[in-house]
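Okay, structure first, notes after.
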Amino acid sequence: MVPHPPKRPDGDEQRVIPSAGSGHGPGRRAVLRGGLVAAAGIATTGAVAGCQAGSTGSSADASSRPAAAGPVTRASTITFRGARQAGVVTEPQPFAAFVGLDLPKGADRDTCQRLMGVWTDDIERLMAARGPLTDLEPELAQVPSRLTVTVGVGSGFYAAAGLVAHRPNWLAPLPRFGIDRLDPTWRQTDVVLQVRADSPVAVAHATRRLVVGADTLASQVWVQRGFREPLTETDAGLPFRNQFGQIDGTVQPATDGTHDPLLWIGADQQAPPKGLAGGSSMVIRRIAMNMDTWDRADRIARENAIGRRLDNGAPLTGTKPTDHPDLQAKDALGFPVIDDASHLRRAMPAAPHEHILRAPYSYDDPPAGTARTNTGLVFVAFQADPVRQFVPIQRRLAEADLMNIWTTPIGSSVYAVLPGAGSGETLGQALLS
Ligand code: HEM
């Protein structure tokens, strides 16, 4: 797998890899100003300001509105309807909230169906810049800022729906890794919402409406908020740097269709588990980053730990982020230039299927007690099969990864990302029918 240059959008979701310094293709800014906006799936809803609160136009009106040429704006929308949910291969928007919810005691398939019915309608409206019918602040919905909401279900959902026999084998807790110090606060839940947008206002509003809309059908267990580089006219094109200052997200599977079998269930032509063709899986790991001890590491130790330069993310054996690392290279003393225990060397695939699409978000929450920081990564990975693709990578990192000196996984959960809802369909329809 090689780092890939920005891809042209494919289908109704888009992903553009930040290309600053990579020397590949147009910068994100250039892409955003041109083809991306005009591509299917993003509409710059110039008429949004004129939308009536709670209007009941056709469900697809905002997303199917002819796309105007011009920059992505706060009025831009991403299409909800389609064979796959948005928010998987969509370029990560700068703000996110992950909400874990549980079904009530005694929930059954009817509960699951009603929840999905409510969310399908509300998400479609929110993503199209129209608030849910019960929206009390509809003006907030009129500024969707490329909102996407992605729904995932955990093993508890299958149990409630009486579908355990159809649950994919991988929809189970991850093995316990030696580095884990899991806090039950961030435990596995029955369902999850991934809410992302260019604006924290849009994320907060959509999150609130969906959690309130679920009402007695599901109740919130945790919320994990995250952020990346804000996408402004002047800053666009900057790569995502995590709170350790590292460029994060350079090596990723391509999202132009080439690696679909690694990303989407059923794309490998094997018989998919019931109702999951067109779905994926989402692993959420909350990883605390110790900023105080990281402060004490010098630049050489920091670059050695990751195996990449801090200034531009190039491997220590190269000059550009997209250069292939030379794992055989030795320094003057005969030591590997890229440390055997560096994150780069330990995370890179050991088999052709060991690829995951990472969409991490930084968090920087208020610290408790005398701590100065409460900082880390909401590490999110999408893949067709987490046991086959994610677990071997995480096992290697747990066995030896210099980054473990400063990082500690404190939360872990796994969800099946439902397929998208086609016209007239409800999320999870094929699973729950
Ligand atoms: C706080 C925790 C973590 C931090 C700060 C971190 C940071 C980074 C950075 C800076 C890179 C190099 C640039 C890039 O290719 O994106 C990287 C690469 C990578 N990381 Fe992590 N990472 C973390 C946790 C994880 C976890 C939990 C996994 C999966 C189990 C993972 C999997 C990968 C993979 C697959 C690569 C690409 C390796 C390659 O093929 O070159 N990382 N990470």
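The values are calculated or read from the model by the stated rules, or taken from the named source; none is laboratory data. Since this is a predicted model, take the numbers as computed values, not measurements. Glycine gets a Cβ as well: all are built from the backbone with ideal geometry, and neighbour counts include every protein chain shown. Side chains are part of the model used for accessible areas, which takes the heavy atoms of the whole protein and leaves out ligands, DNA and RNA. Shrake-Rupley method; radii C 1.70, N 1.55, O 1.52, S 1.80 Å.
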So is R125 open to solvent by 10 Å² or more (accessible area, probe 1.4 Å), without any contact (Cβ under 8 Å) to a residue 12 or more places away in the chain and among the basic types (K, R) or not?
no
Output the residue which, of all residues in the stretch 299-331 that are in a helix (DSSP H, G or I) and small (G, A, S), is farthest from A400 (Cα to Cα).
A301
If S145 satisfies all but one of (1) on the phi < 0 side of the Ramachandran plot; (2) open to solvent by less than 10 Å² (accessible area, probe 1.4 Å), what's the number of the condition it fails?
(1)
For the stretch 246-289, which residues satisfy the criterion of being of a type outside the set (V, I, T), assigned to a loop (DSSP other than H, G, I, E, B) and either touching a Leu at 6+ places or on another chain (Cβ under 8 Å) or near the ligand (Cβ under 10 Å from one of its atoms) (or both)?
Q246, D248, G249, Q252, P253, G266, K274, G275, L276, G279
Residue in the stretch 183-195 that is crowded, with 24+ Cβ neighbours inside 10 Å and over 26 Å from R388 (Cα atoms) present:
yes
When the residues of the stretch 326-346 are narrowed to those that are closer than 24 Å to F382 by Cβ and in contact with a Gly (Cβ under 8 Å, 6 or more places away or on another chain), which ends up farthest from the ligand (Cβ to nearest atom)?
R345
If you go through the stretch 199-210 one residue at a time, how many are touching a Leu at 6+ places or on another chain (Cβ under 8 Å) and open to solvent by 30 Å² or more (accessible area, probe 1.4 Å)?
1
Looking for something over 20 Å from P92 (Cβ atoms), in contact (Cβ under 8 Å) with a residue 12 or more places away in the chain and touching a helix residue (DSSP H, G or I) at 6+ places or on another chain (Cβ under 8 Å) - is there at least one such residue anywhere in the stretch 244-258?
no
Just to be sure before I move on: is V201 assigned to a strand (DSSP E or B) and in contact with a Ser or Thr (Cβ under 8 Å, 6 or more places away or on another chain) in the structure I sent?
no
Looking at this structure, is V221 hydrophobic (A, V, I, L, M, F, W, C) and in a strand (DSSP E or B)?
yes
Within the stretch 347-368, residues being open to solvent by 50 Å² or more (accessible area, probe 1.4 Å), within 12 Å of the ligand (Cβ to nearest atom) and either more than 21 Å from L238 (Cα to Cα) or at pLDDT below 95 (or both) number 3
How many residues does the stretch 223-245 contain that are modelled with pLDDT of 90 or more, open to solvent by 20 Å² or more (accessible area, probe 1.4 Å) and within 14 Å of the ligand (Cβ to nearest atom)?
4
Verdict on R388 being within 20 Å of the chain's Cα centre (by Cα) and either surrounded by fewer than 20 Cβ atoms within 10 Å (Cβ to Cβ) or more than 8 Å from the ligand (Cβ to nearest atom) (or both)
yes
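Per-residue answers, yes or no, for (1) surrounded by fewer than 20 Cβ atoms within 10 Å (Cβ to Cβ); (2) closer than 30 Å to Y415 by Cα; (3) modelled with pLDDT under 95; (4) in contact with a strand residue (DSSP E or B) (Cβ under 9 Å, 6 or more places away or on another chain):
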| position | (1), (2), (3), (4) |
| --- | --- |
| A314 | no, no, no, yes |
| P325 | no, no, no, yes |
| A329 | yes, no, no, yes |
| S342 | no, yes, no, yes |
Here the qualifying pairs (Cβ atoms under 6 Å; residues six or more apart or on different chains; first in the stretch 360-372 and of a type in the set (D, E, K, R); second in a strand (DSSP E or B) and open to solvent by less than 80 Å² (accessible area, probe 1.4 Å)) come out as D364/T375; D365/N374
